[in-house]
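Each reported figure results from applying straightforward, stated rules to the coordinates on display, with no laboratory input. As the structure is a computational prediction, the values presented were derived from the model and not from experiment. Here the Cβ is made from the backbone with ideal geometry for all residues, glycine too, and neighbour counts use every protein chain on show.
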Amino acid sequence: MNPAAEANKLTNKLGIRASDTAELAFKDVRVPAANLIGKEQEGFNQILDLFNRERITVAAQGTGLAQGALEQAIRHISQREQFGRKISSNQAVRFKIAEMATLIEAGRALYYRAAWSIDSGQEDHALIAMAKWFCAQNAVTVAQEALQMHGGYGFLNEYDIARFYRDCKIVEIYEGTKEIEKIVIANALLGKAK
Ligand SMILES: Cc1cc2nc3c(=O)[nH]c(=O)nc-3n(C[C@H](O)[C@H](O)[C@H](O)COP(=O)(O)OP(=O)(O)OC[C@H]3O[C@@H](n4cnc5c(N)ncnc54)[C@H](O)[C@@H]3O)c2cc1C
């Protein structure tokens with residue numbers, strides 16, 4: 001069996017296959033008072049606080065994935081020739097590259113600003129949620145366009161871009177799905193829905 005097929009058999013998930021994932025269930029667990037982390041009955045709020053920091057790291061992960069996918073695309077279209085010229089010389093393709101790079105820079109600026117809100121002691125939940133949602137969406141959009149620019153090669157495991165495509169989806173799911181991020185943003189602007 002080839003290594004890619006072997007890897008498929010060994011993993012239970014679409015992407016981030018180097019990271020192990022398993023469900024943990026706790027039932028009727030008694031925790032001694034000395035082992036309590038934080039305050040009793042405050043667990044949910046404490047975990048939300050942690051989420052705000054984690055969301056920044058996931059926004060950075062999404063931006064890194066998008067940046068890597070863009071670089072893969074630029075490398076490929078600058079080398080591959082079709083119809084007598086480099087794929088990168090087509091204006092339609094060049095426009096896509098410009099759009100992808102702009103999304104990445106906008107996302108990077110947004111998550112830096114969200115990170116700064118924490119560093120400066122003015123933690124802005126809505127800004128953090130915006131960064132997480134936008135950078136995650138960028139990862140999915142850019143990876144998809146970058147794979148498309150590889151044509152059929154993009155579908156084969158021979159090229160890294162297939163891995164970027166598989167890995168990007170999780171950033172729209174964990175540490176708050178994109179829908180939950182939008183709830184956080186809308187609640188900050190409108191108050192909680194009645
Ligand atoms: C690879 C991987 C690693 C993970 N790692 C961790 C980890 O380390 N720690 C951890 O605690 N969890 C982890 N998770 C779990 C992950 O955080 C959850 O899967 C995620 O938060 C979504 O929760 P759910 O799967 O229960 O989706 P659900 O809550 O069942 O939601 C399903 C869909 O419905 C939407 N939805 C739900 N409620 C609403 C609503 N009110 N309005 C609009 N849409 C809504 C969601 O956005 C989603 O699209 C991991 C998951 C994966 C796949």
Hz values of 3J(HN,Hα) by residue in the range 23-36 - Karplus curve (6.51, -1.76, 1.60), Gly and Pro given as x: 7, 10, 10, 10, 9, 6, 7, 9, 10, x, 3, 5, 9, 5
So for each of 103-113, 164-174 I average, over its residues, the number of other beta carbons within 10 Å; can you give me the resulting order with the highest mean first? 164-174, 103-113
Residue 92 paired with residue 186, simple spin-label distance in nm, labels 7 Å along Cα-to-beta-carbon: 3.6 nm
Order of 40, 181, 71 under a 10 Å beta carbon neighbour criterion, fewest first: 40, 71, 181
Among 129-139, 13-23, how do they line up from the highest to the lowest mean number of other beta-carbon atoms within 10 Å? 129-139, 13-23
Would you kindly derive the ³J(HN,Hα) couplings of the range 185-194 from the backbone phi angles with the Karplus curve 6.51 cos²θ - 1.76 cosθ + 1.60 (θ = phi - 60°), listing them in order in whole Hz, with x for Gly and Pro? 5, 5, 4, 5, 8, 10, x, 5, 5, 7
Lys, Arg +1 and Asp, Glu -1 on Cβ, resulting dipole of the range 120-183 about Cα centre, debye, nearest 20: 140 debye
Of 180, 156, 193, which is farthest along the charge dipole of the range 152-194 in the positive direction, counting Lys and Arg as +1 and Asp and Glu as -1 at C-beta? 193
Counting just the Cα atoms, what span does the chain cover along each of its three principal axes? Round to the nearest Å and put the largest first. 71, 46, 32
Helical mean residue ellipticity (222 nm; -39500 (n - 2.57) per DSSP H run of 4+; nearest 500) of the chain: -21500 deg cm²/dmol
With point charges of +1 on the Cβ of Lys and Arg and -1 on the Cβ of Asp and Glu, referenced to the Cα centre of the range 1-147, which listed residue (50, 133, 38) lies farthest in the positive direction of the dipole? 133
So, with +1 on the Cβ of K and R and -1 on the Cβ of D and E, and no other charges, what is the size of the charge dipole of the range 51-190 about its Cα centre, to the nearest 20 debye? 420 debye
Relative to the longest principal Cα axis of the chain, at what angle does helix 43-79 sit, 0 to 90 degrees, rounded to 10? 10 degrees
Provide the FRET efficiency to the nearest 0.05 for the residue 177-residue 27 pair, computing r from the beta carbons and using R0 = 35 Å. 0.85
